[in-house]
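Student: First, the structure itself, so that you have it in front of you.
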Amino acid sequence: MTRTVVISGGTDGMGRAFALERLARGDRVVAIGSNQAKGDALLAAAGPDSARARFLRADLSSVAETRKAVADIDSEYAAVDALLLFANRTSPKRIQTEEGFERTFALYYLSRYLLSYGLVPLLERSAQPVIVNIAGVGVRKGAVNWDDPHLVHGYSVVRAQLQAGRANDLLGVSFAGQFGGKIAYVLYHPGFTRSGDLSPLNPVVRAAIRTLAALVARPVTTAVHPIHHFVDTPSAVPLRAIDRGRALDLSLPTLDPAAAERLSQLTEELLAAAGSGESPHAEQGDRLRNSAGRDRYERK
C-alpha cells in the first residue's frame with residue numbers, strides 16, 4: 001500500500017531519516033523545511049525514490065507560511081495518510097517572530113496545531129489516517145504559562161522547550177477529543193536521540209551535548225523505528241501516549257482535558273489576534289484566566 005506521508009521538519013535528524021525510510025518503502029513523501037539546500041540534499045539522498053518525494057519550503061515558525069503550506073498540500077493531494085510532526089529548534093535567546101510570537105512556541109507548538117487541524121479534510125479521506133507528534137510526552141517538568149505564553153518575562157531555552165512540549169501533550173488530547181473517532185493521534189517521546197540542529201547553541205554547549213550523545217543517546221534509526229508501526233498499523237484508540245516504547249496512562253496530569261480545552265481556546269485567541277494585526281502579547285482577559293481550567297497547569 002502506497003501512503004502519502006507529510007513530515008514537518010523533514011530535512012533534519014529524525015524527520016529526514018524517517019522521510020528516506022518511507023520513500024524506500026514505496027510511499028509518497030512531502031517533507032516540509034525552511035532550508036532549500038537541505039531540501040535539495042534530501043532529494044539527492046533519495047536517489048530514484050525522489051520521484052515520489054517533494055520538498056515543500058516553508059518557515060514553520062510563521063503562521064502565514066504554515067497556513068500556506070497546508071493550502072499547498074491541499075491543492076496537490078487528494079488525501080493524506082499520515083502526518084509526522086518533528087519540526088523544532090532550540091533558541092538560546094528569546095526570538096520574536098514578525099507575527100509577534102515567541103519562536104519556540106510558534107515552531108514547536110503552533111505549527112503542529114495548524115498542521116494537525118488544517119489537514120483534517122485530507123486526513124479524513126484516508127482509510128487509516130494517523131498523526132504522530134514527536135515531542136516529550138511523559139516528561140512532567142515545564143508548564144504552559146497562561147499569562148505569558150510568549151515568555152516575555154523569564155525566558156530560557158529550557159523553559160521554552162518544556163512549555164512547548166507540554167502544549168503538544170495537550171494538543172494531542174484536544175485533537176483526539178474532536179477527531180479521535182476517525183483520525184488516530186499518537187504522542188511519542190523518542191528519548192535522548194542523536195538528532196537535531198545544534199548550531200544555535202554556543203560552542204561549549206554544542207560540544208558537551210555531542211559528547212554526551214555519543215555516549216548515551218539513541219541512534220536516529222532506533223528512535224524512528226517505532227514510528228513506522230504507528231503509520232503502518234494505526235490504532236483504533238483515539239489517543240496513545242508512548243514514552244520510549246512504554247504506553248502511558250492518559251490520566252496523567254500533563255494530559256488533563258480541562259487544560260487541553262483551555263489551551264485550545266488560548267491558541268485560537270492568539271491566532272485571531274495575530275491575524276487581525278493586534279499584538280498576541282495583549283492581555284488575554286479574565287475569561288481565559290477564570291475558565292474551567294483556572295488553576296495554573298504545571299508539571300509536578
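Student: Which links in LYS38/LYS182; LYS38/LYS68; LYS68/LYS141; LYS68/LYS182 stretch past 29 Å when you go from one Cα to the other?
Tutor: LYS38/LYS182; LYS68/LYS141
Student: So what is the relative contact order for the stretch 4-289, in percent, with contacts set as C-alpha pairs under 8 Å and at least six apart?
Tutor: Computed over the stretch 4-289, the figure is 18 percent.
Student: Neighbour counts of other C-beta atoms within 10 Å: give me ILE242, ILE183 arranged from fewest to most.
Tutor: Listed from fewest to most nearby Cβ atoms, that is ILE242, ILE183.
Student: Considering only DSSP beta bridges whose two residues both sit in the stretch 1-143, what percent are antiparallel, to the nearest 5?
Tutor: Antiparallel: roughly 5 percent of the beta bridges in the stretch 1-143.
Student: May I pose another question? Would you kindly compute the Cα radius of gyration of the stretch 125-182 and its largest Cα-Cα separation (Dmax), both in Å?
Tutor: 14.1, 46
Student: Moving on. Note down the magnitude of the dipole of the stretch 4-289 about its Cα centre, charges +1 on Lys and Arg C-beta and -1 on Asp and Glu C-beta and zero elsewhere, to the nearest 20 debye.
Tutor: Once rounded to the nearest 20, the dipole reads 980 debye.
Student: Right, something else. Using the number of other C-beta atoms within 10 angstrom as an exposure proxy, rank PHE86, PHE55 with the fewest first.
Tutor: PHE55, PHE86
Student: Tell me the volume per residue, in Å³, of the convex hull enclosing the alpha carbons of the stretch 4-289.
Tutor: 128 Å³
Student: Something else: Scale the Cα Rg of the stretch 6-153 by the rule-of-thumb value 2.2 N^0.38 Å and send over the ratio, two decimals.
Tutor: The reported ratio for this selection is 1.06.
Student: May I ask you to sort PHE179, PHE18 by Cβ crowding, counting other Cβ atoms within 10 Å and putting the fewest first?
Tutor: PHE179, PHE18
Student: Something else: Lys and Arg at +1, Asp and Glu at -1: add these up for the other residues within a Cβ distance under 13 Å of ALA44 and post the number.
Tutor: 0
FYI, it's all coordinate maths here, none of it is from the lab. Every value quoted in this text rests on a predicted model; they were computed, and no experiment measured them. Note that each Cβ is placed from the backbone with ideal geometry, even for glycine, and that neighbours are counted across all protein chains shown.
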